[in-house]
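As structure tokens, the structure follows; a few thoughts come after it.
The values are calculated or read from the model by the stated rules, or taken from the named source; none is laboratory data. From a predicted model like this one, the values you see are computed outputs, not experimental measurements. Every residue, glycine as well, gets a Cβ built from its backbone with ideal geometry; the counts of neighbours run over all protein chains shown.
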Amino acid sequence: MQEFFTNLVTGISIIDAIDVAIIAFVIYKILGFLRETRAEQLVKGLFVLIIVTALSAVIHLNALNWILKGTMQFAVIALVVVFQPELRRGLEHLGRSRWIKPQLANMDKTKIKQTVSAIVDSVDYFSANHIGALIVIEREISLSDFAETGVIINSDLTPELLENVFYTGAPLHDGAVIVRGTTMYAASCILPLTKKKDLDSELGMRHRAGIGITEVSDALTIIVSEETGVISTASDGKFTRFLDVKMLEKLVLNLYLNDEPEKTPTLISLLRRKKKNVSKQ
């Protein structure tokens, strides 16, 4: 036994170790990407199908084994069709170059502050007056396809312009505003809805669209509820509710300056913070 392990260790070269490490890293990243998505459940189902196929061969269930083997021949094509959204998202994520300075970080700092102020002030107004709004901030992945579903504006972003667009009864009120850099690129845009099943039933189409666009791009969305005035954000398919204006300003400013949205606190952490402040008083 000792000789076996000695031969095993001595037979492994540095190239072999690097090869195994790369494969392990790729598998780790794939599993991390599939986690908390519908693809995770589909992968589990695929593994079950493989195990059943192997067991049917061992215990000589010939008819079942024949059917399962025939099914497995079309598995590759089926996976491409079923996982199309996840594959697209993964390839887009792979294509994001971190060697190139992000486009948002290249902008004039004064212009950035004016843009962030315009967004935050408008959202504060929408929240106070229960005006529904959906603002999408474009990052590295282009949203031109979604912009074409609405009206191209391509104008400097100001609080007055945002408030006029989302004013109740305005022609462009329905749909999303796409912000490209420091400009309002398009308004009244149609976005894909999220396919998540575990969302709160009180969340309407605006919230589902705000989450859905972040599942197919790296955009940051800001959603204001028309019914409650609650401010929410979505990024990378993750949804956060009950933000205040200061938290939103920090989040958007960090996105523009570092091209990476600040991690927003969850509802539980917000409740804990509120309880801690009350206890101090």
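Just to check your reading of the model, which residue among L199, L172, L191, L203 is part of a loop (DSSP other than H, G, I, E, B) and either at pLDDT 95 or above or not assigned by TED's automatic domain parsing to the domain that holds A118 (or both)? It is L191. Inspect the stretch 246-265 for any residue being modelled with pLDDT under 90, closer than 25 Å to N129 by Cα and not basic (K, R) and give the result as yes or no. Yes, the stretch 246-265 has at least one match. Looking at the stretch 19-134, the helices (runs of 4 or more DSSP H) lying wholly inside it that each contain 3 or more residues that are modelled with pLDDT of 80 or more and charged (D, E, K, R) sit at 109-128. Listed by first and then second residue, the pairs linking a residue in the stretch 108-124 that is touching a residue at least 12 places away in the same chain (Cβ under 8 Å) and closer than 11 Å to V245 by Cβ to a residue that is in a helix (DSSP H, G or I) and among the β-branched types (V, I, T), with Cβ atoms under 8 Å apart and 6 or more places separating them unless they lie on different chains, are I119/V252; V120/V245; V120/V252; V123/V245; D124/V245. Once the stretch 135-151 is narrowed to residues that are part of a helix (DSSP H, G or I) and of a type outside the set (S, T, N, Q), the residue that is modelled with the lowest pLDDT is D145. Contact map, the stretch 245-266: first residue among the acidic types (D, E), second residue at pLDDT below 80 and exposed (fewer than 15 other Cβ atoms within 10 Å of the Cβ), Cβ cut-off under 9 Å, separation 6 or more or different chains; pairs are D259/K101; D259/Q103; D259/A105.
Looking at the stretch 202-216, is at least one residue farther than 21 Å from V120 by Cβ, among the acidic types (D, E) and buried (at least 19 other Cβ atoms within 10 Å of the Cβ)? So far as the stretch 202-216 goes, yes, one or more of its residues are farther than 21 Å from V120 by Cβ, among the acidic types (D, E) and buried (at least 19 other Cβ atoms within 10 Å of the Cβ). Suppose the filter is modelled with pLDDT of 95 or more and either surrounded by 22 or more Cβ atoms within 10 Å (Cβ to Cβ) or in a loop (DSSP other than H, G, I, E, B) (or both); does A234 pass it? Yes: the conditions hold for A234.
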